[in-house]
Amino acid sequence: QVQLVDSGGGLVQAGGSLRLSCAASGSISSISPMAWYCQAPGKERELVATISSSGGTTFHVNSVKGRFTISRDNAKNTLYLQMNSLNPEDTAMYYCALKSALTTRYDYWGQGTQVTVSS
């Protein structure tokens, strides 16, 4: 049983910053790749960033590259998304996800944390 709890969202003005956190707990036998997704109202859930098990390899979609940074602290079982230079287009619900070793898919999800960026 794996539980992911997202936090850190809020309301921020354009140009501001937020740091999202995802605390993982439960039966995690090995550290797996993780990701952040976002979903804006009326839109499909989209990938934001991924990170390898060790944290040594990351990927960020072009729209957030240079502004957002995914990281993890495996000792704390916590995933982070540092969000800088936020703009209103970043407004969405953000979800952390954990890849399953069995399916190789992101099968475990946090409950989401809302990020709202005002202009």
In the range 1-103, which trypsin sites (Lys or Arg not before Pro) are in a loop and have at most 12 other Cβ atoms within 10 Å, using DSSP for the loop call?
Lys43, Lys65
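Give the carbon-plus-sulfur fraction of the accessible surface of the range 1-113 in %, rounded to a whole number; probe 1.4 Å, heavy atoms of protein chains only.
48
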Compute, for the chain, the length of the dipole vector about the Cα centre, with Cβ point charges of +1 (Lys, Arg) and -1 (Asp, Glu) only. Units Debye, rounded to 20.
180
Among all cysteines in the chain, which have no other cysteine Cβ under 4.7 Å from their own Cβ?
Cys38
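The values are calculated or read from the model by the stated rules, or taken from the named source; none is laboratory data. On a predicted model such as this, the values are computed, not experimentally measured, just so you know. Heads up, the Cβs are rebuilt from the backbone with ideal geometry, glycines too, and the neighbour counts pull from every protein chain shown. Side chains are part of the model used for accessible areas, which takes the heavy atoms of the whole protein and leaves out ligands, DNA and RNA. Shrake-Rupley method; radii C 1.70, N 1.55, O 1.52, S 1.80 Å.
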